[in-house]
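Heads up, the thing below is written out as structure tokens.
The values are calculated or read from the model by the stated rules, or taken from the named source; none is laboratory data. Because the structure is a prediction, the values reported are computed rather than measured. Ideal geometry is used to build each Cβ from the backbone, glycine not excepted, and the neighbour counts take in all protein chains shown. Note: accessible area is taken over every heavy atom of the protein model, side chains too, but ligands, DNA and RNA are not part of it. Shrake-Rupley method; radii C 1.70, N 1.55, O 1.52, S 1.80 Å.
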Amino acid sequence: MLNFRKVKPFQGWITVALLLCATTSVLADASEPLIDPEADRQALRAYYLKRFPGVDIQDYINGIYALDAASREQWQALEEFPPYEFDLEAGEALFNTPFANGQTYAACFPNGGVSIRQHYPYWNAAEGRVKTLELEINECREKNGEQPYPWKKGPLAQISAYMAWTSRGQVFDIKVPADDAGALAAYAAGKRFFYAKRGQLNLSCANCHLEGSNIFIRADLPGPALGQTTHFPVYRSKWGELGTLHRRYEGCHRDTRSDPLPPQSDAFRNLEYFQTYMSNGLPVNGPGARK
Amino acid sequence: MNAAYTRYLLLSLLVFVANVQAAEPQTYQQAFELNRAMYGKGHLFTWQGQEFSTDHPEELDAQTPATRDKAEAMLHAAQVLNQRASELEYAWRMTAGLLEQAEQALRAGEFRQCMNLAAQAHYQARMSIQQAEYNQQHWRDAVPQ
Amino acid sequence: MLKVRWMTFVAVCAALLTANTVLARDEAALIVLGQAVFLEQSKGNCIACHAISDPQAQLAGNQGPPIFNMKLRYPDKRLLRAQVWDATRNNPLTLMPPFGKHWILSEHEIDAVVEYIYQY
């Protein structure tokens, strides 16, 4: 009675056959439309231009405060004495302190780690996966014999905040190489994650952050999907501290009543890849402050 | 008042004219869901000349005599199915908790309780897999063009 | 003879009356539960998306339409129940969670919240 999923012994053969067809390009999957990140980005911008005609595209880096005048004022007052100032100082000190082996963070990154935030996350063809800035900060530590930091807050978020700070005003320029099937697949997976409904509440990110943007859920106003990642890491008043983008992803994912995925999982890195590509053309403004 | 709100007010006025009707079900699954949705559980309905109950298969299973073997089997089936939902990265937040409670009930010798909890967990896991498969097919409907 | 008939009449009346008050009490209890389902975050949390003209329902969201005119909108109460059980049947992309289909609420809680909103 309870055996809903029957085992299909020939499924393996079908997959092999399909792969053969695909490699000889006899049978392209007609249901899979072309992956065109640039068209997606233009479509998302067009959606918001039409939905909120008075709002300048560049202002979307300010999230919900770009759309909601009432909370914008409080936020501007908050930004006058930025709550992340202490974290920036701590991040700078951490960044400049050599490891026990005498090496530095600067040596792990292009341009000495300064003014590079706009290139993250990126597709690493050699490793065949999306690399985020946080992932590479911890890799740098491990390479130099140090323990990795926890992903969601604390020193990792502080170093990430400092690196974003040195990149303020640089314009996001995420690349999805059109000739790299792996990069395209990672981008497409991130896009699907954003639009697919999930969890017991059957909500997608898009439900709240596209259709639902600037409409009340109880007392909360979900912000726009466009420019959603430009200001991370973020000092969130509700947390009372600095947190990374994946900490926020985990929270929003849990709110759909999904079993939340861990920070820096494939799914979240691909999601960040998609979302940051959508922010191409907008400036880095991290770290940010939010309610 | 914001635009969405006004839109809904207008919409609500429009629908005075057309109040809600149910579309005819095309498949057994649709017929089952519509009847469950309208009448809840324990209701009988006819589909293509045959009579069916609106109880989920899991609920029917949980009504069979409560024994240790049955409770263990139902719990195991639910755990396996939820494992599959996890592999699809589609497991729901509460399901693991239900499975844990079912396990406790089993240890306490409360077989009926275990069967009821396992039935709910199994149903949720089954729905989450269905959700994953549906969205694999249909997620593009939500993308702005 | 007459006395017996009279007594039967009284007995029947009394039985009917208690049955009625039991029914009324059940319905009142159902509506109390329905209100809790509507308001509480761990239950239906309908108020997150729907305004309703119950003075207890403050700070409602507006992702969904305000709940009013339910009797006119849904002359058949069963179809209102169906909307709460699975809103995706009418609109697969809707924000409204499928409360019955995903077993977010029990069938009894769904009956209760339907009874509660049907007053508005």
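The test for being out of contact with any Cys (no Cβ under 9 Å at 6 or more places or on another chain) and modelled with pLDDT under 95 holds for C:LEU23.
Restricting the range B:67-120 to residues that are open to solvent by 40 Å² or more (accessible area, probe 1.4 Å) and outside any helix (DSSP H, G or I), the residue that is farthest from the other protein chains (Cβ to nearest Cβ) is B:ALA108. The C-beta contact set for the range C:27-53 (first residue within 14 Å of another protein chain (Cβ to nearest Cβ) and more than 17 Å from A:ALA219 (Cα to Cα), second residue modelled with pLDDT of 95 or more and open to solvent by 30 Å² or more (accessible area, probe 1.4 Å), distance under 6 angstrom, 6+ apart or interchain) comprises C:LEU30/C:GLU115. The condition of being among the basic types (Lys, Arg) and within 15 Å of the chain's Cα centre (by Cα) holds for only one of A:ARG269, A:ARG257, A:ARG236, that being A:ARG269.
There is no residue in the range A:180-197 that is free of Cβ contacts under 8 Å to residues at least 60 places away in the same chain, at the interface with chain B (Cβ under 10 Å from one of its Cβ atoms) and more than 21 Å from B:ALA132 (Cβ to Cβ).
Does any residue of the range A:112-130 turn out to be assigned to a helix (DSSP H, G or I) and aliphatic (A, V, I, L, M)? No, the range A:112-130 contains no residue that is assigned to a helix (DSSP H, G or I) and aliphatic (A, V, I, L, M). Within the range A:51-74, residues that are under 15 Å from A:ALA289 (Cα atoms) have Cβ atoms under 9 Å from residues that are acidic (Asp, Glu) and open to solvent by less than 60 Å² (accessible area, probe 1.4 Å) in these pairs: A:TYR65/A:ASP59; A:ALA66/A:ASP59, counting only partners at least 6 apart in sequence or on another chain.
Here is the figure for the range A:200-255: residues that are in a loop (DSSP other than H, G, I, E, B) and within 8 Å of chain C (Cβ to nearest Cβ) total 8.
Entry remark, the range A:42-74: residues being in a helix (DSSP H, G or I) and open to solvent by 30 Å² or more (accessible area, probe 1.4 Å) number 14 in total. For the structure I just gave you, tell me whether A:ASN280 is open to solvent by less than 20 Å² (accessible area, probe 1.4 Å) and closer than 20 Å to B:ASP141 by Cβ. Taking the combined requirement at face value, the residue does not satisfy it.
Given (1) within 14 Å of chain B (Cβ to nearest Cβ); (2) closer than 29 Å to A:THR166 by Cβ; (3) assigned to a loop (DSSP other than H, G, I, E, B); (4) not hydroxyl-bearing (Ser, Thr, Tyr), identify the lone condition not met by A:PHE268. Tallying (1) within 14 Å of chain B (Cβ to nearest Cβ); (2) closer than 29 Å to A:THR166 by Cβ; (3) assigned to a loop (DSSP other than H, G, I, E, B); (4) not hydroxyl-bearing (Ser, Thr, Tyr), A:PHE268 fails exactly one: (3). Within the range A:138-175, the set of residues being open to solvent by 10 Å² or more (accessible area, probe 1.4 Å) and β-branched (Val, Ile, Thr) comprises A:THR166, A:VAL171. Scanning the range A:180-237 for residues that are touching a Gly at 6+ places or on another chain (Cβ under 8 Å) and at positive phi yields A:ASN214, A:ARG218, A:GLY227. For C:GLU109, state whether it is within 11 Å of chain B (Cβ to nearest Cβ), touching a Gly at 6+ places or on another chain (Cβ under 9 Å) and acidic (Asp, Glu). In short, yes. Just one of the listed residues (C:ARG73, C:ARG89, C:ARG78) is within 11 Å of chain B (Cβ to nearest Cβ) and either open to solvent by less than 60 Å² (accessible area, probe 1.4 Å) or touching a residue at least 24 places away in the same chain (Cβ under 8 Å) (or both), and it is C:ARG73. Scanning the range B:32-58 for residues that are in a helix (DSSP H, G or I) and more than 12 Å from chain C (Cβ to nearest Cβ) yields one hit, B:PRO57.
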